[in-house]
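Below is one structure, written out as C-alpha cells, with a few remarks after it.
Read-outs throughout are calculated quantities, based only on the coordinates presented, and are distinct from any laboratory measurement. Since the structure is predicted, the reported quantities are computational estimates derived from the model, not experimental observations. Note: ideal-geometry Cβ built from the backbone for every residue, glycine included; neighbour counts use all protein chains shown.
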Amino acid sequence: SHDVPRALHQLGDTRLPGPAVDAATISRARQRLKLATLLQMSYPGAPTVYYGDEVGLTGGADPYNRAPYPWADQGGQPDECLRADCTRMIALRIAHPVLRRGALLAPLHADDAVLVLARRLGDGAQATWAITAFNNADGPRTVRVALPEGAPDGRFAAAWGDAPAEAR
C-alpha cells in the first residue's frame, strides 16, 4: 500500500521520522532488502515489488513514503546497483520453475538469523530441487541441515552469492 513506510525505512532505522538516515543504516537496510527480495522470489506465491523499492526509495510515515519515482532523465538518482540485483533475482525465479511451482517443504533450519528452505518440483529421480539459505547475521554463519529424503547428494551451485554448499 502507498500509506505505509517504504521497505528500506522498515529494514533500517524505523525511529527516524522522514527520509534522512545515515549511510550505515541505508547500507544495512539495502542488504536486508536484497535478502527479503531473494526470499520473496524463491517463496511460493506471486511476488510484488512496490514502485521505487527496487531503486532504493526511502521514507517513513506519510508524506515521506510518497516520493515520486527517481527517473534519472528527470534529475533523480535511482540506485542502479540495487535495481540490477532485483532484476537478477526476478530472473532467477523465471529461470528456475522450482522457485515458482515447487512444493515448499518444512524448514530445514530456522534460528534468529538463518533460514534454510527446500522446494521440490516433481517426484523421484526426475525431481528438481532448490535449497535456499538466507543469512541475516552481520557475518558468515555455518549451519548443518539434514536434507529431505530424495534430495540429491553432492555439491549445490550457488545461484546467488559465492558460498557453495555441500550435501552429504
- Query: Helix 80-95 versus the longest principal axis of the chain: what angle, 0 to 90°, nearest 10, using Cα atoms?
  - Reply: 30
- Using the count of nearby Cβ atoms within 10 Å as a rough guide to exposure, how do Ile131, Ile90 rank from fewest to most? Ile90, Ile131
- Query: Along the principal axes of its C-alpha atoms, what lengths does the chain span, in descending order and rounded to whole Å?
  - Reply: 53, 29, 26
- Springs between alpha-carbon atoms under 10 Å, Gaussian network over the chain: tell me which of Gly45, Gly102, Gly12 tops the mean-square fluctuations. Gly45
- Task: Take the Cα atoms of the range 97-167, find their three principal axes, and give me the spread along each one in whole Å, biggest first.
- Result: 37, 21, 21
- Query: Roughly what would the spin-label model give for Tyr51 and Asp123, points 7 Å off Cα along C-beta, in nm?
  - Reply: 4.6
- Query: Mind checking which of Val55, Val98, Val114 has the largest fluctuation in a GNM of the chain, springs on alpha carbons under 10 Å?
  - Reply: Val114
- Using θ = phi - 60° and Karplus 6.51 cos²θ - 1.76 cosθ + 1.60, couplings along the range 135-145 (whole Hz; Gly, Pro as x): 10, 9, 6, 6, x, x, 9, 10, 10, 10, 10
- Compute log10 of I(q)/I(0) for the range 7-95 with the Debye formula, placing one identical point scatterer on every Cα and leaving out solvent, at q = 0.15 Å⁻¹, to two decimals. -0.57
- Cα axis of helix 23-41 to longest principal axis of the chain: angle in degrees, 0 to 90, nearest 10? 40
